[in-house]
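Here's the structure we're looking at; comments come further down.
FYI, it's all coordinate maths here, none of it is from the lab. From a predicted model like this one, the values you see are computed outputs, not experimental measurements. FYI the Cβ positions are ideal-geometry reconstructions off the backbone, even for glycines, and counts take in every protein chain you see.
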């Protein structure tokens with residue numbers, strides 16, 4: 001799965017601040033902070049399990065065609081999602097971000 005963009009904060013382009021409205025529009029849990037996607041699927045920070053006090057995992061969340069959502073944990077944290085792992089494998093987002101400064 002390629003990640004072409006990750007939402008930023010602000011008024012230009014796609015914004016993390018739109019998550020609440022998009023979750024309501026697509027009838028998704030409020031606890032998802034949407035990083036990338038098109039409405040039928042999202043890559044999101046998922047606060048459902050750990051709450052707001054802990055670092056959320058990154059999930060692939062899909063609005064299922066049968067009405068039931070499907071989700072898959074991609075990483076235990078945002079850092080793990082974008083930074084190379086201990087075994088030098090490339091994480092999901094690394095190809096698009098080409099070792100972002102958060103990894104240093």
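Sort 34, 72 so that the residue with the fewest other Cβ atoms within 10 Å of its own Cβ comes first and the one with the most comes last.
Fewest-to-most ranking of 34, 72: 72, 34.
Kindly put 30, 46 in sequence by how many other C-beta atoms sit within 10 Å of each C-beta, fewest to most. Could you put the intermediate results ahead of the total?
Working: 30 11, 46 20.
Ordered by Cβ neighbours within 10 Å, fewest first: 30, 46.
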